[in-house]
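Worksheet for the structure shown next.
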Amino acid sequence: MAITVSAAVLLAVILLILLRGGYLRLGPALAAVAFGFFLASTGIAPTLTNSFNAVADAVRGINF
């Protein structure tokens, strides 16, 4: 759950930076958000969640 909230906040910040910088317009941004909501309700959502968790675990395991 903590990873999901952190990822959501990070992606929201990136989206805001892109919108304010003029690299992304409001229409495509809303389409991307809507796509994310629809994707979350499909059968691929658990696979995506597991993939993101695996990447987060791999990054957490890196020793600098």
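Restricting attention to region 32-64, which residues are surrounded by 10 or more Cβ atoms within 10 Å (Cβ to Cβ) and among the hydroxyl-bearing types (Ser, Thr, Tyr)?
Thr42, Thr47, Thr49, Ser51 - these are the residues of region 32-64 that are surrounded by 10 or more Cβ atoms within 10 Å (Cβ to Cβ) and among the hydroxyl-bearing types (Ser, Thr, Tyr).
State all residues of region 34-63 that are in contact (Cβ under 8 Å) with a residue 24 or more places away in the chain and either more than 22 Å from Ala12 (Cβ to Cβ) or not aromatic (Phe, Trp, Tyr) (or both); if no residue qualifies, say none.
So the first thing to find is which residues in region 34-63 are in contact (Cβ under 8 Å) with a residue 24 or more places away in the chain, and the list is 49, 52-53, 56.
Of everything in region 34-63, those that are in contact (Cβ under 8 Å) with a residue 24 or more places away in the chain and either more than 22 Å from Ala12 (Cβ to Cβ) or not aromatic (Phe, Trp, Tyr) (or both) turn out to be Thr49, Asn53, Ala56.
Going by what's in this entry, would Ser6 be described as modelled with pLDDT under 85, part of a helix (DSSP H, G or I) and surrounded by 10 or more Cβ atoms within 10 Å (Cβ to Cβ)?
Numbers: modelled with pLDDT under 85: yes; part of a helix (DSSP H, G or I): yes; surrounded by 10 or more Cβ atoms within 10 Å (Cβ to Cβ): yes.
Yes; evaluated as a whole, the condition is true for this residue.
Quick one: in region 9-25, which of the residues that are modelled with pLDDT of 85 or more, assigned to a helix (DSSP H, G or I) and out of contact with any helix residue (DSSP H, G or I) (no Cβ under 7 Å at 6 or more places or on another chain) is most open to solvent (accessible area, probe 1.4 Å)? Lay out the reasoning, then the answer.
Restricting attention to region 9-25, the residues satisfying the condition of being modelled with pLDDT of 85 or more are 13-25.
Now narrow it down to the ones that are assigned to a helix (DSSP H, G or I): 13-21.
Then keep just the ones that are out of contact with any helix residue (DSSP H, G or I) (no Cβ under 7 Å at 6 or more places or on another chain); that gives 13-14, 16-18, 20-21.
Numbers: Val13: 72, Ile14: 77, Leu16: 104, Ile17: 108, Leu18: 66, Arg20: 213, Gly21: 47 Å².
Across region 9-25, the extreme among qualifying residues is Arg20.
The values are calculated or read from the model by the stated rules, or taken from the named source; none is laboratory data. Computed from a predicted model, the values in this text were never measured in an experiment. As a convention, Cβ positions derive from the backbone with ideal geometry for all residues, glycine included, and neighbour counts pool all protein chains shown. Side chains are part of the model used for accessible areas, which takes the heavy atoms of the whole protein and leaves out ligands, DNA and RNA. Shrake-Rupley method; radii C 1.70, N 1.55, O 1.52, S 1.80 Å.
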